Every structure is written in C-alpha cells, then in structure tokens.
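What follows is one structure encoded as structure tokens, with my remarks underneath.
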Amino acid sequence: MSEDTAKRRFREIVLPHLDDAWRLARWLVGPEDAEDVVQDAAIRALGALAGAAPVKPRAWWLAVVRNTALTHARKRRGQNWNHANEEEAADAADPSPDAETALIAQGEGARVREALGRLPPLLREALMLREIEEMNYREIAAVTAAPIGTVMSRLARARAALARLLKVDHDG
Amino acid sequence: MTDEDDILRAQLALDGELDAQAQLAFERELAERPELAAVYARHARLRQALREHTPREAAPVRLRARLEKLGASAPPRRPWLGAALAAGLAGFAALAGFEAGRARRDDPALAALVSGHERAVLSGQPFDVASSDRHTVKPWLAARAPLGAFVPDLGADGFALIGGRLEILDGRPVPTVVYRRREHLISVAELPLSQTGAGAAVVEGYHVARWRDEERAYIAISDLDAGELAIFAERFAKAAGNAKTTAP
C-alpha cells in the first residue's frame with residue numbers, strides 16, 4: 001500500500017520536474033555524471049516518499065538531487081573538494097591574464113559556458129537556480145539549505161566573478 | 001568605485017526581491033543617478049548573456065524512460081477502467097465517485113489544465129483550431145505536439161467535436177480536444193502516462209474524469225454533471241480502444 005503511495009507521489013513530484021533535476025545535476029557534476037546522479041536521487045526520493053508527502057514538492061526533490069550530487073562530487077574529487085573550495089575559490093578563479101585571453105578568443109556562447117564552469121560550485125549553483133530555473137531567493141534557500149542572506153551573498157559573488165571573467169563591466 | 005549597497009540593491013531589484021516601496025524608490029534613484037543605472041544595466045546584460053547561452057536542456061530520453069519505469073505501479077495499467085467497463089456504466093459512475101474522495105487537490109498539472117479550460121470557456125475562444133472534422137483537428141495537433149492526439153468522432157453519442165487547442169504543462173505542449181454537448185464544453189487533454197492519476201474529481205467547480213490506456217493518460221474537464229461526463233469518458237475510451245484494434 002505505502003509502496004503504491006510512494007510510486008504515485010513519485011509520478012506526481014519527481015517525473016514532472018525531471019528536466020529541472022537534470023539541469024541542476026548537470027551544472028553541479030557535469031554532463032557525464034548527471035545521469036547517474038539523477039537516477040540515484042530518484043531511488044532515494046522513492047524511498048523517502050513512502051513516508052510523509054513533502055510540503056514543497058519541487059524544492060524538496062531538487063534538494064534531494066543536490067545532496068546526491070554533492071555527495072557524489074565529494075567522493076569523486078576526494079580531498080580537493082571541501083566547503084572552502086565550493087565557495088571561496090571565486091577570487092582565485094578569475095583574474096589571471098591567461099584565463100582572460102583564453103576566454104576572449106572564443107565565441108560568446110562558449111565564453112559564457114566556460115566562465116560558468118570556472119565558478120566554484122556553490123556560487124554557480126545559486127546563479128543557475130536563479131537565472132535558469134528562475135527561482136526566487138526563498139526557493140533557492142530551501143533547495144540549498146542555506147539562509148537567504150547566504151543566497152544573496154553567493155549570487156552577488158557569482159555575478160561579480162562572472163562579470164569580471166566576461167568583462168561585462170566594460171561597456172558594450 | 002561603486003558602492004556595495006548599490007550592487008546589492010541593483011540585484012534585489014533585478015531579481016524582483018524588493019518590496020513595492022523599495023522598488024519605487026530604487027526606480028526613482030535609477031533615473032537620477034547614472035552610476036546606479038550603469039550597475040543595473042551591467043547586471044541585466046549578464047542575465048541576458050546567461051539566459052541566451054545556457055539553454056534549458058531537457059533530460060535525456062533514456063533517463064526519463066528509466067525513471068518512468070521506476071515509478072510505474074506494479075499491476076498492469078488501466079485496472080480501474082477495465083473493471084468499470086466490465087461492471088457497466090453504473091459501476092463506472094460508482095467507482096468514479098469512490099475515487100473522487102481520493103483525488104489530490106494539490107495536483108498542479110490538474111489545476112493548470114482546469115484553469116486552461118476555464119480560460120478557454122470564459123474567453124469564448126475555446127480552441128486554437130475550430131473544426132468539427134477530425135481530419136482537420138488531428139493533424140493540426142499532431143503538427144504541434146510530439147505525441148499527437150487521438151480525436152474520436154463521438155457525434156453519434158451526442159458529443160460534437162468542435163475543435164482543438166494546445167495547453168502547456170511544464171513547458172511541453174499538451175494536445176487538447178474540445179467537444180460540445182448541448183451548451184456544455186468538454187476539454188480532453190492527452191498526456192504521457194506518467195502525468196496523472198485516475199478517477200473522477202471536482203476542481204474549482206468543474207467535473208473532471210481521468211483515465212488511461214496503454215499509451216496515454218486522459219483528463220476530461222467540463223461543467224457537465226459527473227454522470228454525463230462519465231458517459232463521455234466511457235465512450236471516448238471505447239472509441240480509442242476500437243481505433244487501436246482496427247489500426248493497421
């Protein structure tokens with residue numbers, strides 16, 4: 001009985017937001033691993049849905065995907081992956097002249113994607129949830145289990161780093 | 001050079017997170033202070049570049065298929081429709097009534113389709129393609145929705161085909177066929193199997209009938225009474241079944 005309930009909830013909550021989950025996983029762990037991550041997350045979600053129904057289904061499911069992705073990435077990258085790197089490498093990420101030259105040489109689309117790839121994961125995550133998934137601060141806070149103030153500061157730092165990488169601050 | 005506070009407020013404004021009063025104040029200031037306007041414009045350009053170059057990619061089909069299987073119920077599909085047809089129309093209505101108590105009120109897909117129906121009825125323009133000819137409606141929908149649509153002729157049963165339209169659910173087109181019985185409109189949305197539960201429900205005052213077959217889930221929405229809508233659902237399902245067994 002509860003398995004049926006879990007599957008019904010799974011169909012109502014997980015499947016309709018599968019594309020969102022895929023994009024989030026992709027930005028967190030890269031396209032090669034995203035499929036495994038979403039599938040693991042779905043199995044976890046199905047297990048959890050036998051219990052209580054989540055109050056905010058989409059945010060809940062994306063939070064499951066995110067936690068699965070972070071666990072996966074930490075395992076994979078070992079000691080290089082820690083919270084400091086996830087957030088604080090923002091300033092290390094950009095202003096080397098080599099990085100700038102490499103970026104300027106490419107077309108705009110490739111430049112944007114490469115610049116995003118250089119952001120520390122937690123900053124990139126906040127930015128993608130805001131700009132691509134069009135979540136508000138409260139929703140981003142729910143998915144990332146961070147206070148709203150932290151969400152704001154991550155967004156600000158992500159945008160500052162990205163603007164520097166892309167030289168958006170120069171007119172034109 | 002630029003004040004931290006300007007940067008933060010420009011972002012809050014851009015993200016729609018200022019309250020109304022703060023937003024108005026910000027806009028006044030924007031007009032008066034070019035340096036603030038420059039900060040704001042820079043963030044807007046960044047947003048535009050991001051949205052332009054990071055497409056909203058869909059999950060791989062393979063992954064979706066695997067997860068749909070994971071969420072599929074163990075017994076074969078259409079258990080209640082089969083049972084209801086076997087038990088006759090009385091059974092159908094009784095079972096539909098039983099299911100109504102369990103229909104989820106917070107099903108967002110269902111709520112969206114009901115609003116679509118309501119908007120269509122109120123606007124007096126319930127279809128994107130108006131035609132009583134299924135050979136017009138079907139290809140119109142097929143050209144716009146990957147699944148295509150099943151468009152049975154139910155004229156003999158007292159349900160006249162009057163057209164079709166597209167609803168959008170989660171960014172995907174949902175083919176919707178529109179019928180009329182007397183002055184009542186019926187919208188039938190055809191969805192992938194994963195999309196919906198089964199059973200009758202009442203949502204925002206509209207009667208809803210939901211059923212499925214091997215390929216799709218169907219949601220019919222109307223201001224017809226529940227009994228007549230159940231008859232419609234039964235005839236539609238039967239026509240769909242016949243069409244499939246006689247199709248080459």
For A:Lys56, give me every one of the lysines with a C-alpha distance below 19 angstrom, ignoring sequence neighbours fewer than eight places off in its own chain. A:Lys7
For B:42-48, what's the mean count of beta carbons from other chains sitting within 10 Å of each residue's beta carbon? 5
I need the peptides A:16-25, B:29-38 ranked by packing, meaning the mean over residues of other C-beta atoms within 10 angstrom, with the highest value on top. A:16-25, B:29-38
Which FRET efficiency value, to the nearest 0.05, do you get for A:Arg76 and B:Ala20 by plugging their Cβ-Cβ distance into 1/(1 + (r/R0)^6) with R0 = 35 Å? 0.15
Based on the alpha-carbon gyration tensor of the range A:1-81 and its eigenvalue square roots a ≥ b ≥ c, which shape applies: rounded if a/c is under 1.5, prolate if not and a/b is larger than b/c, or oblate? prolate
Suppose we look only past 19 Å in the calculated P(r) of the range B:165-248. What percent of the Cα-Cα pairs does that tail hold? 38 percent
Given the C-alpha centroids of the range A:118-167 and the range B:4-65, what is the distance between them in whole angstrom? 12 Å
In 5 Å bins starting at 0, how do the alpha-carbon pair distances of the range B:4-53 split up by percent? 5, 22, 31, 24, 12, 5, 1
Residue mean of other protein chain beta carbons inside 10 Å, A:15-25: 5
Could you work out, residue by residue across A:64-74, how many beta carbons of other chains sit within 10 Å of that residue's beta carbon, and then give the average as an integer? 0
How far is it, in nm, from the label point at B:Asp225 to the one at A:Ser153 when both lie 7 Å from their Cα along the line to the Cβ? 6.4 nm
For the range A:1-47 and the range B:117-191, distance of Cα centres in Å: 32 Å
The range A:117-172: which trypsin sites (Lys or Arg not before Pro) are DSSP loop and have at most 14 other beta-carbon atoms within 10 angstrom? A:Lys167
Length gained, B:Thr136-B:Arg66, 0.36 nm per residue minus C-alpha separation, equals 21.7 nm
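Each reported figure results from applying straightforward, stated rules to the coordinates on display, with no laboratory input. Just so we're clear, the structure is a prediction, and the values are computed from it rather than from any experiment. Ideal geometry is used to build each Cβ from the backbone, glycine not excepted, and the neighbour counts take in all protein chains shown.
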